[in-house]
Amino acid sequence: PDWYKSFSYRSRAVVDPRGVMREFGLELADSVEVQVLDSTADLRYLVLPLRPAGTENLSETELAKLVSRDCMIGVTDPHVPEGVAAS
């Protein structure tokens with residue numbers, strides 16, 4: 001998305017990453033370390049969303065349905081499937 005590349009968003013993400021994530025609905029425990037890393041022409045980072053508890057028996061296709069765009073930029077957790085208790 002275009003806003004993801006905007007100077008104001010990127011500046012806020014560096015200065016207040018927890019605040020930016022909170023706006024997306026992701027509240028992290030104080031014990032969770034947050035790092036803001038920037039890609040360059042020579043270096044890219046990959047966000048790997050946490051696997052929700054209780055999804056060990058899901059197929060790759062089923063797991064892919066739990067992951068949104070926001071998961072891939074690190075501002076929300078994957079959806080927890082119905083019938084699975086969120087941890």
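The values are calculated or read from the model by the stated rules, or taken from the named source; none is laboratory data. It should be emphasised that the depicted structure is a prediction, and the values quoted were computed from it without experimental measurement. Cβ atoms come from the backbone with ideal geometry, glycine included; neighbour counts cover every protein chain shown.
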Problem set entry | Elements of type helices (runs of 4 or more DSSP H) contained in region 1-57, each with 2 or more residues being surrounded by 10 or more Cβ atoms within 10 Å (Cβ to Cβ) and not charged (D, E, K, R) | 7-15, 17-23
For this session: Could you tell me whether any residue of region 68-76 is surrounded by 14 or more Cβ atoms within 10 Å (Cβ to Cβ), of a type in the set (A, V, I, L, M), modelled with pLDDT of 85 or more and assigned to a loop (DSSP other than H, G, I, E, B)?
Result: no
For this session: Please find, among 47, 80, 34, the residue that is in contact with a Cys (Cβ under 9 Å, 6 or more places away or on another chain) and aliphatic (A, V, I, L, M).
Result: 47
Problem set entry | Within region 58-67, tally of residues that are part of a helix (DSSP H, G or I) and hydroxyl-bearing (Ser, Thr, Tyr) | 1
For this session: Starting from region 1-16, keep only residues that are among the charged types (D, E, K, R), then list their pairs with residues that are assigned to a loop (DSSP other than H, G, I, E, B) and loosely packed, with under 11 Cβ neighbours inside 10 Å whose Cβ atoms are within a distance under 9 Å, requiring at least 6 positions of separation or different chains.
Result: 10/38
